[in-house]
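Quick note: the coordinates plus some simple rules give every number you see, no bench work behind them. The shown structure was predicted, so the numbers you read here are calculated from the model rather than taken from an experiment. So basically every Cβ, Gly included, is an ideal-geometry build from the backbone, and we count neighbours across all protein chains shown.
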Amino acid sequence: MILRTWAKRRGSLKGKVETKKMIKLESVTKTYTLGKQRIVAVNDVSLTIELGEFVAIMGKSGCGKTTLLSLVGGLDRPDKGHIWVDGEDITQLSDFKLTRYRRDQVGIVFQFFNLIPILTVFENVALPYTLQGRPEREVQARAEELLDDVGLWERRNHYPDEISGGEMQRVAIARALINRPRLVLADEPTGNLDSRTGRQVMEIMSELSGRLGTTFVLMTHSREAAAFASRKLLMRDGTLSSAEADPMKT
């Protein structure tokens, strides 16, 4: 799929330190309490991801990868450690600034799409821009551009229950990209799709990362999905290591 190149229209963020490191985690730990049991979901994780990298974090359900995504995405806070995104320590942000970070600086693609059923495809994609108070003409142009890029322009007036699972995931990708984030986090984006449709979704993500210099972090249990990444890591019991040739058999 051929995607329009947007990078030339994206200005540098003000007040940011010039660095090639998009994400840096330093000794990050997150624990939960379940009854009397203490669960260490993320255990002293340190990680650096470069600008424009496509990184897959692989692991079985319950290994901590979704918790790690939530921490980097600003959906949760670590108990210990620091997380820098684009030169800013998001662990030190106030709740208000963390909300702004989630809204403006990071795109998230979920396994279950999380589309709003009473909104059309177009309205779902446009929603983040609308919430920013952008002019209607700008919202219209940006949403149209993205829908064209993911091949859903003709479906723009349909509702989520009128399109397929693969199309819903493409809508979710377009919505995640509308704010032109330099970081996109994807949590099992092919988990509810058949293999052919899942491959199409991963091809879109791979092309975006390569063409636009967008950093993608993919959380997945699928070797087929992880094959599109330029670097693969294995998560087990809350810790990270480099993936082996066939990591899911370990």
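Of the residues 48, 74, 185, the one whose Cα sits farthest towards the positive end of the charge dipole of the chain is 48 (charges of +1 on Lys and Arg Cβ, -1 on Asp and Glu Cβ, taken about the Cα centre).
For residue 123, neighbours were defined as the other residues whose beta-carbon sits under 11 Å from its Cβ, and their charges (Lys and Arg +1, Asp and Glu -1) total +2. Using a Gaussian network model of the chain in which every pair of alpha carbons under 10 angstrom is joined by a spring, one finds that among 56, 227, 174 the greatest mean-square fluctuation is at 227. Distance between the C-alpha centers of the range 167-189 and the range 31-60? Whole Å please. The two parts, judged by their Cα centres, are 21 Å apart.
For residue 220, the shell of other residues with beta-carbons less than 10 Å away shows a net charge of 0, using +1 for Lys and Arg and -1 for Asp and Glu.
Which value in Å is the Kirkwood Rh of the range 133-250 over different Cα pairs? All intermediate terms of the calculation are to be shown ahead of the outcome.
On the way: mean 1/r = 0.0638 Å⁻¹.
With all distinct Cα pairs of the range 133-250 included, I get 15.7 Å.
Computed about its Cα centre, the charge dipole of the chain is approximately 560 debye, with only Lys, Arg, Asp and Glu carrying charge at their Cβ. GNM remark for the chain: springs join alpha carbons under 10 Å apart, and the peak mean-square fluctuation among 73, 59, 81 falls on 81. Taking the chain as the reference, fit the longest principal axis to its C-alpha atoms, fit the long axis of helix 95-104 to the helix C-alpha atoms, and give the angle between the two in degrees, 0 to 90, nearest 10. It is inclined by approximately 50 degrees. Placing one equal scatterer on every Cα of the range 193-246 and applying the Debye formula, the log10 ratio I(q)/I(0) at q = 0.15 Å⁻¹ is -0.46.
For the chain, the longest principal axis of the Cα atoms and the long axis of helix 165-177 meet at an angle of about 80 degrees.
Across the range 35-131, Cα pairs under 8 Å and at least six residues apart give a relative contact order of 17 percent.
What is the angle, in °, between the Cα long axis of helix 121-131 and the longest principal axis of the Cα atoms in the chain? Nearest 10 is fine, range 0 to 90. For 121-131 against the chain, the angle is about 70 degrees.
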